[in-house]
Amino acid sequence: MPTLGIDLCDAGFTAAIAEKNAAKPLTVTDAKGIADWPGFAYHDGQKFLFGRAAEDQWFVHPRRVVHNYWARLAHEPSTVGPAGKPASFSELSFYFLREYIQRLAATGPMPDKLMLAVPGAYLKDAATEDEKVGLLLGMAGELKLPLVGIIDKACAALCDPRSSGFNPALPVVVLDLNLEEVELTLFTADQQLQRKDFIHLPQSGLSQLLKQLTATMGNRFLRHTAFDILEDGRIEQTFFRQTKDFLLSGALEHRYQINTATRAYEMVAKREQIAADAAAAVNALVQGLVTFMRNSPHASEPCTVALNSIAASIPGLEHRLRTAGFSRILRLPEGAAACGAACIGDVHITPPADLADIQVETGVPLGLARSSHVGEWEARLQKVRLAGPRAVPTHVILDGIGHPLGSGGRYTIGTGNGRADLVLPEMFSGADDCSIPLMREDGRLWFVDATAARDSGGTSGPAARTVIEAGDRLSIRYGSAAAEILFAYCTLNGSHRD
């Protein structure tokens, strides 16, 4: 019995079908044959338009277009609709979903089971979950959808069988770039894939970025051609469309073309230019991630950062992440949340007897996640979350015994078959190439992530490193073997104790 998965991503709805743990994205086109479903709504005075048709009116009739109703799913009124009676956010969401389902039905028979992958913000607390899930259940009942479950879409995305997978020994943070906001979700995979921490960054989504890029590229176009795209909303809309296509295509260059009744204007733009224009937004996003990881009690270093397909297309983001020390980056396939949700529903969810009994999930059994097992051993640094500076460690403590770090430039933790300064217990003897270097530089001690290149297929660039301070812990795992090393600062009569 195949299962349908739908990702309620306001930057672009996607759907997939799964059976026997094999997932296939579905192409859902609108009335004009365009497979693009951003969460825009437009009211022309007579009727509503949704998706790409509504987005194509954004710069032409900006006051008649709204694009935040999925992010703000609630009964409160929006700003568009018949005169004196604007539709509520929940009504717009229902109308959008109804049209999407109608177009989806044209692709083939409707499966017997449906899973919805929803924004993490819908499940951020009990009160919000009750409101958002209640509205979704009402829509499903009204549309007679065979809904069997609702799942956090970041969790679903990590279960897409098409993905190259993540290392389950390390935390993974999903960076979900949506239309209105960015969501950061931290997962651990000790016994199961489980959401541990979440934050959303408002006013930082794709719509804000595209508006900014359209303006900066428009100014560049004006300097190059002496033609102002702002003189007509339809021309600005055409320019916006070209900017969006350029941004998301990954192309190295794009030839902007604007035709008027009297002449044609052209400008060739480079990828480097759009990356420079997006730099401020990218820096703010990375800083938000750094702060999120610093404040989360469940974070440790190294970790994996998983980018949804939209975030992965933003020029400069991956480079900026690596510069900030995030060397393990996973690019999720397009439609990952829809494919993952469909697979989860196919093998893990039992259809409830009543819609009120629908399962809402923020975690799944680890066997459903798309994890990789390229490394036999793992080391992760657990930072102590304390305010203020801490001392540089002088000792490492293993199994209750302290060992001096000395003052050399390099200190190695590893197995007895190598030249390690600190030898791990005998149960680690089978761990090939287990060598964890600690480097001393500029008066500080650094943990070097020696396995990042191995887990990234050798494409991660220079090894990432993290400063070590007294109180931090290094967890090392090899199969069922585990060791925990504490970094300590020790003194005796005011001097370091060796």
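Each reported figure results from applying straightforward, stated rules to the coordinates on display, with no laboratory input. Values in this document were obtained by computation on a predicted structure and should not be read as measured data. Quick reminder, even Gly has a Cβ in these numbers, built from the backbone with ideal geometry, and neighbours come from all protein chains shown.
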Problem - Cα centroid separation - segment 19-84 against segment 86-138, whole Å - result: 13
Problem - Cα pair distances in the chain, grouped into 10 Å bins until the bin that holds the longest one, percent each - result: 4, 18, 25, 23, 16, 9, 4, 1, 0
Handout entry: Virtual spin-label span in nm between Arg98 and Glu426, 7 Å along Cα→Cβ
Key = 7.3
Exercise for the section: Determine ³J(HN,Hα), in whole Hz, for all residues of segment 286-299 in sequence, where each value follows from phi through the Karplus function 6.51 cos²θ - 1.76 cosθ + 1.60 and θ = phi - 60°; x replaces Gly and Pro. Expected result: 5, 5, x, 5, 4, 5, 4, 5, 5, 8, 7, x, 9, 7
Completion exercise
Simple spin-label estimate for Cys490/Lys85, 7 Å along Cα→Cβ, in nm, reads 7.9
Handout entry: Top positive-direction residue, dipole computed over the chain with Cβ charges, set Ala106, Ile413, Cys155
Key = Ile413
Handout entry: Potential extension, Ala481-His75 segment - 0.36 nm per residue separation minus Cα distance
Key = 140.9 nm
Exercise for the section: Would you mind checking Lys24/Lys113; Lys47/Lys85; Lys153/Lys383 for any pair whose Cα atoms are more than 18 angstrom apart? Expected result: Lys153/Lys383
Fill in the blank from the handout: Full extension between Gln192 and Ala106 adds, at 0.36 nm per residue less the Cα distance, a length in nm of 27.3 nm
Handout entry: Per-residue [θ]222 nm for the chain (sum of -39500 (n - 2.57) over DSSP H runs n ≥ 4, rounded to 500)
Key = -8500 deg cm²/dmol
Completion exercise
Pro86 neighbourhood, Cβ < 12 Å, K/R = +1, D/E = -1, net charge +1
Handout entry: Computed over segment 41-115: relative contact order in percent, which uses C-alpha pairs under 8 Å that are six or more apart
Key = 24
